[in-house]
1. Residue pairs, Cβ under 6 Å, 6 or more apart or interchain, first in segment B:21-39 and within 14 Å of another protein chain (Cβ to nearest Cβ), second more than 8 Å from the ligand (Cβ to nearest atom) and among the hydrophobic types (A, V, I, L, M, F, W, C). List them.
2. Residue pairs, Cβ under 6 Å, 6 or more apart or interchain, first in segment B:304-326 and of a type in the set (D, E), second assigned to a loop (DSSP other than H, G, I, E, B). List them.
3. If you scan segment B:221-242, which residues turn out to be within 14 Å of another protein chain (Cβ to nearest Cβ), of a type outside the set (V, I, T) and in contact with a Leu (Cβ under 7 Å, 6 or more places away or on another chain)?
4. Out of everything in segment B:247-274 that is among the basic types (K, R) and within 12 Å of chain A (Cβ to nearest Cβ), what residue ends up being nearest to the ligand (Cβ to nearest atom)?
5. Within segment B:124-136, identify whether any single residue is polar (S, T, N, Q), free of Cβ contacts under 8 Å to residues at least 60 places away in the same chain and not assigned by TED's automatic domain parsing to the domain that holds B:R52, and answer yes or no.
6. Where residues in segment B:207-220 are touching a helix residue (DSSP H, G or I) at 6+ places or on another chain (Cβ under 6 Å) and surrounded by 17 or more Cβ atoms within 10 Å (Cβ to Cβ), which of them is nearest to the other protein chains (Cβ to nearest Cβ)?
7. So, restricting to strands (runs of 3 or more DSSP E) that lie completely within segment B:1-67, which ones have at least 2 residues that are within 16 Å of the ligand (Cβ to nearest atom) and in the same structural domain as B:M89 (by TED's automatic domain parsing)?
8. So, B:D151, is that one at pLDDT below 95 and touching a helix residue (DSSP H, G or I) at 6+ places or on another chain (Cβ under 7 Å) or not?
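The values are calculated or read from the model by the stated rules, or taken from the named source; none is laboratory data. Note that the coordinates shown come from a computational prediction; the quantities given were computed from them, not determined experimentally. As a convention, Cβ positions derive from the backbone with ideal geometry for all residues, glycine included, and neighbour counts pool all protein chains shown.
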Amino acid sequence: MVFEKVKKIIGEQLGLDDVSGVTPQTSLMGDLEADSLDAVEIIMAIEDEFGVEIPDDAAEGFKNIGDIVKYVEANQ
Amino acid sequence: MMQEYAVGITGIGSYLPEKEVTNFDIEKMVDTTDEWIRTRTGISCRRVADERVATSDLSTEAAKRALADAGIEAAELDLIIVATVTPDMAFPSTACIVQSNIKAVKAAAFDIEAACSGFLYAMTVGQQFIKNGFYKNVLIIGAETLSKVVDWEDRNTCVLFGDGAGAVVLQRVEEGYGILSSYLGADGFNGSALAQPGGGSRIPATIESVTNKLHFVKMDGSEVFKFAVRVMGKAAMEALELCGLTLEDIDFMIPHQANIRIIDAAAKRLKLPMEKVYVNLDRYGNMSAASVPVALDEAVRENRIKKGDIVVLVAFGGGLTWGSSVLKWSK
Ligand SMILES: CC(C)(COP(=O)(O)OP(=O)(O)OC[C@H]1O[C@@H](n2cnc3c(N)ncnc32)[C@H](O)[C@@H]1OP(=O)(O)O)[C@@H](O)C(=O)NCCC(=O)NCCS
């Protein structure tokens, strides 16, 4: 499932021990305190994992993790 | 078959201007904080050359140190190559100015521009002349005075860069040692991500070009970040493959010093522990073509590298360009 994989990637990139509280509504920068470069690295890891390309314009529109998942599902 | 010679670094030296500009100094110039700069880049301080000091001046000092380290005279040099994006002037080349400063009377001299990958490009070019027997003593310099071309009102770029110079002497070395492989590449399709547009034949210097700040470095930070993380890993792997080695063989890595977050991410991709990776960007920022040779010089002086070690140099930069070399340290 895309969401589960995305959640795992986020946990790895941010060094989170517990990602059970992460939901599609969770915001990377708002809730998980990622900075802009963490966000870039997460997007890159997702691009590599799913073989999709996520342009900056699209990435800037993501408000929460659910938006990332929707983008990946639509473009995979 | 034509005889080929093993080529390696037999002398190394660097020179940095004395003046330090800390993040706190920059807080007084643009809307930024020490905390932002440190957490996003790893940089705390950078060196800045005096108003009257040019790239050839830093190059000359680094060159003298590298020659002394190699134990040869400038007059014995066959070739000088300077890698820089901040030459003293359009021409004569910075290499010719250095030639006259150090009195390298019989040396040919030219500059190479491959931005932050410039030193690796220059070293690879210089290596060919020795490998095929054409020359014996080649001086390679990576030197920059980026402080002269950054917009000190632009917080996106001015916090990143610094001035400095590093130089190496290339000569024949024992078979099996020295430069084992090199890998160079370019992606001109995405060149606009990092550029200094003004001052050439496309946009010659005019009053408008100056007012519009076209003589300063322009950068798309996140575009360059993504490119850098991916290409550092790829370039290191390619160079290793070319000489039949693997990641496990790496004793030490000298990455281009642009941003600690790029270095961390690349090291993670290469599964290389940070103890094997040299970092000095906290003190000097990104010195473009000077970053790799200055870092290598410091690593050697701190005894982090010993004879027989496999050392990977890897850089990326404007162009876009990238380069990597695998060395078996021969000193
Ligand atoms: C430059 C770099 C550190 C910027 O980090 P980033 O996370 O991409 O930053 P962004 O450009 O997305 O900016 C994030 C915010 O920080 C702000 N910002 C930029 N520089 C800042 C500074 N020095 N101080 C405070 N805030 C700054 C931006 O204005 C932006 O604010 P906004 O969201 O309100 O617009 C990073 O992109 C980078 O290192 N890229 C590679 C650059 C490089 O290595 N170049 C040389 C290659 S040889």
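1. B:I37/B:I43
2. B:D309/B:D251; B:D309/B:W329
3. Step one: filter segment B:221-242 for residues within 14 Å of another protein chain (Cβ to nearest Cβ), giving B:221-234.
Filter once more, so that each one left must be of a type outside the set (V, I, T): B:221-223, B:225-228, B:230, B:232-234.
Correct list: B:F225, B:F227, B:G233.
4. Initially, segment B:247-274 is screened for residues among the basic types (K, R), giving B:261, B:268-269, B:271.
Restricting the remaining residues to those that are within 12 Å of chain A (Cβ to nearest Cβ) gives B:261, B:268-269.
Working: B:R261: 7, B:K268: 16, B:R269: 16 Å.
Looking at residues that are among the basic types (K, R) and within 12 Å of chain A (Cβ to nearest Cβ), I get B:R261.
5. Looking only at segment B:124-136, we keep the residues that are polar (S, T, N, Q), and these are B:124, B:127-128, B:132.
Narrowing further to those that are free of Cβ contacts under 8 Å to residues at least 60 places away in the same chain: B:128.
From the residues that got through so far, the ones that are not assigned by TED's automatic domain parsing to the domain that holds B:R52 too are none.
No.
6. Kept after step one, since they are touching a helix residue (DSSP H, G or I) at 6+ places or on another chain (Cβ under 6 Å), are these residues of segment B:207-220: B:217, B:219-220.
Subsequent filtering for residues that are surrounded by 17 or more Cβ atoms within 10 Å (Cβ to Cβ) retains B:217, B:219.
Numbers: B:V217: 19, B:M219: 14 Å.
Here the residue is B:M219.
7. Working: elements: B:7-15, B:20-22, B:45-47.
The strands (runs of 3 or more DSSP E) meeting that bar are B:20-22, B:45-47.
8. Values: at pLDDT below 95: no; touching a helix residue (DSSP H, G or I) at 6+ places or on another chain (Cβ under 7 Å): yes.
No; evaluated as a whole, the condition is false for this residue.
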